[in-house]
Amino acid sequence: MNITERFLNYTKFDTQSAEDSNSVPSTSRQLIFAKYLKQELEQEGLKDVEMDDKGYIYATLASNMKNAAPTIGFISHYDTSPDCSGADIKPRIVSHYDGNDIMLSEGIVLSPKKFPELLAHVGEDLIVTDGHTLLGADDKAGIAEIVQAMVWLQEHPEVKHGTIRVAFNPDEEIGMGAHHFDVEKFGCQWAYTMDGGDVGELEYENFNAASAKITVRGISVHPGYAKGKMVNANALAVEFASMLPKDETPETTEGYEGFYHLIGMQSNTECARLSYIIRDHDRQKFEARKRFVMSCGQQMNEKYGEGTVVVDVNDQYYNMKEKIDPQMHVIDLVLHAMQQAGVTPQVKPIRGGTDGAQLSFKGLPCPNIFAGGINFHGPYEFIPVQSMEKAMNVIIKICELTASYND
């Protein structure tokens, strides 16, 4: 089985996670794929393959060396985003892409006019959707690349490597992927998530992240008799949202700039609930953003009465840079591996986060490497076959270089 066949096979499984779930994994359909993946790893000859009751999968490619080498790991998540359907995915391959519009379905066009990144992949073979679902390259491409690299290494025993651990987990897309990851069991000195975007991306800086849940309590009264009595939670929710800076949202920021993002709202006259995410690379600015959201709630309560607005802010993950900086050999190995694999590194901060951010704070340094997909979380998602192959080659080179690494 080649890497394209492996990835396409993975897309047959609907593995969307769900933010409003209290179970682990958040959806039972993830476990269906997890069980399949465990069986595949066993069939491909990996050792110590196990899946715990929460769907976390661990496996080992044993060292083929006499000398000791660091034990390293590669990690990907198998859930897909709740933002777009992951059911009944219909992928197809556009061979030797010519730079023109791609008709996904009637009236649904993947165009370089809107997505100019397409033009960087002219001549390559693009896997696209039919425009009605996401593709799932985030992060089933990462899984395919890791598994295929492990298969390749077994088929080429002349390439020496130390012990390699792999792990696949649920619920990354809802910020829970690393919560039940057993770092001690994984037993690695460092690891890499294969969860980045286009070719060459290498990320070891990410947002500090928090969620904010705002509950607005109103008083519902018949509108014909509401004067002096009604408190319209809909209107107060809009007022709260208007207090946040309009130029500090995802659609107005880039690079290291942070933001407030309203990701959901449920509202009626009696009660409104707003769900925000708060992001900033700078830790001090991040803390200031959280305080600002809290202060907006306080101002609303001073105006409309105590308890009208309840703000609940919870941290999700932090910038892994402070954990990676003291161990930059982890990054240097990737840079050398990319060079040897013919890939130009694109080192940049993540405007988001990965499981690696949380894992780094759990004692496992874990930067993020490209998986090759583009336009994640929506129906215009695509991935070049050649990008998956390059990611696989980078994994192989990292394993090879680590075999001769001296602390």
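The values are calculated or read from the model by the stated rules, or taken from the named source; none is laboratory data. Treat the numbers as computed from the prediction; the structure is a model and nothing was measured. Note that each Cβ is placed from the backbone with ideal geometry, even for glycine, and that neighbours are counted across all protein chains shown. Keep in mind that these areas ignore ligands, DNA and RNA; they rest on the heavy atoms of the full protein, side chains included. Shrake-Rupley method; radii C 1.70, N 1.55, O 1.52, S 1.80 Å.
Quick notes on this structure:
- Here the Kirkwood formula, the inverse mean of 1/r across different C-alpha pairs, assigns the stretch 65-111 a hydrodynamic radius of 15.7 Å.
- Check: the stretch 151-215 dipole with +1 on Lys, Arg Cβ and -1 on Asp, Glu Cβ, in debye: 280
- By definition, a body whose alpha carbon gyration tensor gives a ≥ b ≥ c is oblate when a/c is 1.5 or more and a/b is not larger than b/c, and the stretch 302-407 fits this oblate description.
- Å² of accessible area per residue within the stretch 127-169, as computed with a 1.4 Å probe and no ligands counted: 22
- Unit charges at the beta carbon, dipole of the chain: most positive-side option, Ala212, Val109, Asn234: Asn234
- Close amide H pairs (under 5 Å, H built 1.01 Å from N) link Leu202 with Gln346, Val347, Lys348, residues at least 5 positions away or on another chain.
- Neighbour net charge for Ile398 - beta-carbon separation under 14 angstrom, K R +1, D E -1: +1
- Converting phi to 3J(HN,Hα) with the Karplus coefficients 6.51, -1.76 and 1.60 and the offset θ = phi - 60°, the stretch 235-247 yields 5, 5, 5, 5, 5, 4, 4, 6, 6, 7, x, 6, 9 Hz in sequence order, with x at every glycine or proline.
- Expressed per residue, the C-alpha convex hull volume of the chain stands at 154 Å³.
- Computed packing ranks the peptides 211-220, 309-318 as 211-220, 309-318, most packed first, by mean other Cβ atoms within 10 Å.
- Radius of gyration (Cα atoms) of the stretch 1-118, expressed as a multiple of 2.2 N^0.38 Å: 1.39.
- When the convex hull of its Cα atoms is projected in every direction, mean area for the stretch 197-351 (nm²): 10.9
- Take the Cβ atoms of Gln39 and Glu306, set R0 to 60 Å, and the FRET efficiency comes out at 0.60.
- Summary of packing: across the peptides 300-306, 199-205, the per-residue average of other C-beta atoms within 10 Å ranks them, highest first, as 199-205, 300-306.
- Principal axis extents of the Cα atoms in the stretch 45-93, from largest to smallest and rounded to whole angstrom, are 48, 33, 20.
- With a cut-off of 10 Å between beta carbons, the residues surrounding Gly136 carry a summed charge of -3, where Lys and Arg count +1 and Asp and Glu -1.
- Diffusion coefficient of the stretch 29-188 by Stokes-Einstein, Kirkwood radius over Cα pairs, 10 °C, 1.306 mPa s: 89 µm²/s.
- Calculated [θ] (222 nm, deg cm²/dmol) that DSSP helices of n ≥ 4 give over the chain, each run adding -39,500 (n - 2.57): -9000 deg cm²/dmol
- Relative packing of peptides 150-161, 328-339 - highest average C-beta neighbours within 10 Å first: 328-339, 150-161
- Applying 0.36 nm per residue to the separation of Leu31 and Lys227 and subtracting their alpha-carbon distance, the gain on full extension is 65.2 nm.
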